[in-house]
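Bear in mind that the values in this text are calculations on the coordinates, not laboratory data. It should be emphasised that the depicted structure is a prediction, and the values quoted were computed from it without experimental measurement. Quick reminder, even Gly has a Cβ in these numbers, built from the backbone with ideal geometry, and neighbours come from all protein chains shown.
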Amino acid sequence: MIALPAWLTDERLSAEIEPLLRQTDAESLERLAAEAQAATLRRFGRIISLYAPLYLSNFCSSGCVYCGFASDRTSPRRKLDAGEIEKELLAMKALGIGDVLLLTGERTSAAGFDYLRRAVELTARIMPRVAIEAFPMSVAEYRALAECGCTGLTIYQETYDPENYEKLHRWGPKRDFLERLETPERALTGGIRSVGIGALLGLSEPVGEALALLRHARYLCKTYWKAGVSVSFPRIRPQEGGFQPAYEVDDRFLARMIMAFRTTMPDIDLVLSTRESPAFRDGMAGLGITRMSIASRTTVGGYVEAETAGASQFEVSDDRSAEAFCAALRAKNLEPVFKNWDAAYNNPLPAEERA
Amino acid sequence: MNALRLGSYTFSSRLILGTGKFSSVPAMIEAVRASKAQLVTVALRRFNREQAEDDLFGPLSEIEGLTLMPNTSGAATAKEAVKAAHISRELSGSPFIKVEIHPNPHHLMPDPIETWEACKILAAEGFIVMPYIPADPVLAKRLEEVGCSSVMPLGSAIGSGQGLSTSAMVQLIIRESSIPVIVDAGLRSPSEACAAMEMGCAAVLVNSAIAVARDPAAMASAFAKAVEAGYDARNAGLMPRSGSAVATSPLTSFLGASS
Amino acid sequence: MSTIHITLNGQKRELPSGSSVADLLKLESADSLKVAVVVNEQIVRPDDRASHLLQKSDQVEILVFAGGG
């Protein structure tokens, strides 16, 4: 058994949302929705901030059973070169996007740190905000990315159940549960300003995952009190490889989980991606969710030539255009915001200012 | 009750008593005994041979299991507070110091900048530093970072009896702090002390409300019960407040029927 | 007998030359109390009080604990 950090097992940190998650009746759901909506409105108003992912590379050294990019998948491997990255970014910019999440697989020689650093540098010249979702790095590496203009890191623990984690991650650098768990802290120590965490819902028992995720968010907020912390709610989607999740996470549970997070952590961004259906996304916008991805391609590249982009990490469910999605938000009296950050703030926090 | 931990010290009582403003030393001693407090604050004063009976060290040292927490009141700057702390440690033999720096003699609001300076120095010197502060969540984290053993945000102005007028800010401090949060100043009634404990405070510090009560010992005992009740209630898990009424046009109809 | 002048708790005080801190405490009837003594900003610990001789113009503070919140 590995020694888990105290916060991960401290049930007191998540006790108040457990009853909310275990209820199943419609009335309690509706009541929770009303509270979540009120809490969202108070803190965030009617703003939904938008971002878009750009998959730089699907080279990967890990064997995550649930992922379309796992190293035993036979689909062709590809990475964008500098010219291609620029073209993709310009195509994204034309859609109005100003906040980009750059993605890669686990570290490989084809797509390693230097490749990612150059991509961040390039992106920061074109987009006001750059965040990454890539392989775990050292404090020094995060520091270097922060200096190039990277202000955010997204990293999902996938599952907070260490035994299940070991089974699902068959090989590669990602096998180390604790190393991954500590990654957001290394990024913040390196001067990255905000971190996004999440569990890939469906891999382990959902209530336990939700409680552990809440504890993680609370711990980060308390310890790195100057950092931005956001929580995402990815559900497993169909992907190449045909993985069948062990647990079904239905819409009602996912909605309940998001709304419970909102009522208990009123100040943090809660994020929903295009993994979810248009109906679910439109319904949850403003009911707790404050940040959403838009017009996503989950293939390498894909904004320039959508048709020829090859295998995806997972299937997108909401494939509406940026325009159509914004119109849907406006119809709900919500304001989509494409630029919520300015590059003037891109410098990493100086050492003495970091928590 | 679980123990209150401050530095390497543990206390079963979560009521800290101030010893000022009492009508007499015996009245104060009686109140301290009735409160079952294990930590009391004292202030440094010049010795006056005409009022030698006002010295508190002797009478307080007769109460078993009592630890003294000298304050730095009178200090208007960090430098003065550090000096007062050194002299106080000499006298009390205890590492506790309540850092209290109020440059304005009327409203007695603590100076956050001088307080932070003094705390940084005293924590590095090994004191158990307990700063009296405005209810400011950022200042509280800054003080935690420099090694304070607790933070003591004010409920309202010293001696004002306005209760927990800073309630929302104190709740933020509690949510963010990794060190005990103790409400100090402004409490008037035991119910307010109880509310502070229910909110998640680790302890409360009370002085005026007890000292100026018609029967200080009885009031001290009432505060002790309230603090204990509030602490127990917090641990027992309060029932959630009833939420908003269910909307007439349901917010969750997009989710379809329950599966 | 020669004397010196010191300042005690902000007031002028005349003492016999060669008086120690311990002598001063006795003179002030403060020797039975727990007090802190500060001479020219330096704390004089109990063990040193008999041997610490006061000099002309010394600034002396004798401090005790009083009530405070």
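Helices assigned as whole DSSP H runs in chain B whose Cα atoms extend at least 27 Å along their own long axis and whose mean Kyte-Doolittle hydropathy is -0.5 or higher are found at B:216-236.
For the cross-link pairs A:Lys167/A:Lys332; B:Lys98/B:Lys225; A:Lys87/A:Lys167; B:Lys21/C:Lys34; A:Lys93/B:Lys141; B:Lys141/C:Lys34, the ones whose C-alpha atoms lie over 32 Å apart are A:Lys167/A:Lys332; A:Lys87/A:Lys167; A:Lys93/B:Lys141; B:Lys141/C:Lys34.
Cross-link reach is defined here as a Cα-Cα straight distance under 22 Å, omitting same-chain residues fewer than 8 places apart; for A:Lys174 the lysines meeting it are A:Lys79. Each 20 Å bin from zero holds the following percent of Cα-Cα pairs in the protein assembly as shown: 16, 40, 27, 14, 3, 0. Projecting the Cα atoms of A:Val229, A:Leu41, A:Ala255 onto the charge dipole of the protein assembly as shown, computed from C-beta unit charges around the Cα centre, puts A:Leu41 farthest toward the positive end.
Counting Cβ atoms of other protein chains within 10 Å of each Cβ in A:204-210 and taking the mean gives 0. Working ranking of peptides A:170-180, A:272-282 by packing, defined as the average number of other Cβ atoms within 10 Å per residue, highest first, is A:272-282, A:170-180. Among A:104-116, B:151-163, sorting by the average number of other beta carbon atoms lying within 10 angstrom of each residue, highest first, gives B:151-163, A:104-116.
For the segment B:189-195, counting C-beta atoms of other chains within 10 Å of every residue's C-beta and taking the mean gives 0.
Size estimate for region B:4-237 follows the Kirkwood approach: the inverse of mean 1/r over distinct Cα pairs works out to 17.4 Å.
For region B:1-118, the equivalent ellipsoid derived from the alpha-carbon gyration tensor has semi-axes of 23, 19, 14 Å in decreasing order. Relative intensity of region B:3-48 on a log10 scale, I(q)/I(0) at q = 0.19, 0.22 Å⁻¹, equals -0.68, -0.82, per a Debye sum over C-alpha point scatterers of equal strength in the absence of solvent. Taking a ≥ b ≥ c as the square roots of the eigenvalues of the alpha-carbon gyration tensor, region A:44-112 is classed oblate because a/c is 1.5 or more while a/b is no larger than b/c. For chain A, the list of Cys residues with no other Cys C-beta under 4.7 Å reads A:Cys60, A:Cys148, A:Cys150, A:Cys221, A:Cys326. With distances taken between every two different alpha-carbon atoms, region B:121-198 has a Kirkwood hydrodynamic radius of 12.5 Å.
Sorting the segments B:69-78, A:52-61, A:136-145 by their residues' average number of neighbouring beta-carbon atoms within 10 angstrom, most packed first, yields A:52-61, B:69-78, A:136-145.
Return the Rg/Rh value of region C:3-63, two decimal places, where both radii are evaluated on C-alpha atoms and Rh is the Kirkwood radius. Numbers along the way, then the final one.
Numbers: Rg = 10.2 Å, Rh = 11.3 Å.
Taking Rh as the inverse mean 1/r over Cα pairs, Rg/Rh reads 0.90.
By DSSP, the beta bridges lying fully in the protein assembly as shown are antiparallel in about 30 percent of cases. For region A:240-347, the ratio of Cα radius of gyration to the globular rule of thumb 2.2 N^0.38 Å stands at 1.21.
Which whole-number percent gives the relative contact order of chain C, counting Cα pairs below 8 Å spaced six or more residues apart? Kindly include the intermediate steps, with their values, before the conclusion.
Working: 104 pairs, mean separation 28.4, N = 69.
Here the relative contact order equals 41 percent.
What shape does region B:112-255 have by the C-alpha gyration tensor, where a ≥ b ≥ c are the square roots of the eigenvalues, rounded means a/c under 1.5, and otherwise prolate means a/b greater than b/c and oblate the rest? Walk me through the numbers on the way to the answer.
Details: a/c = 2.31, a/b = 1.31, b/c = 1.76.
Oblate.
Would you tell me the mean number of C-beta atoms belonging to other protein chains that fall within 10 Å of each C-beta in A:221-230, as a whole number?
Working: counts 2, 6, 2, 0, 10, 2, 0, 0, 0, 0.
Mean partner shielding for this stretch: 2.
Here region A:20-340 has an Rg and Dmax of 18.3, 54 Å, counting Cα atoms alone. Taking the empirical scaling 2.2 N^0.38 Å for compact globular proteins as reference, region A:188-304 has a Cα radius of gyration ratio of 1.11.
For region A:89-168, what does the alpha-carbon gyration tensor say about shape, rounded, prolate or oblate, given a ≥ b ≥ c as the root eigenvalues, a/c under 1.5 as rounded, and a/b over b/c as prolate? Cα axes put region A:89-168 in the prolate bin.
Could you tell me what percent of the DSSP beta bridges with both partners in region A:20-340 are antiparallel, to the nearest 5? The answer is about 10 percent antiparallel.
Taking the square roots of 5 times each eigenvalue of the Cα gyration tensor of region B:154-197, largest first, gives ellipsoid semi-axes of 18, 10, 9 Å.
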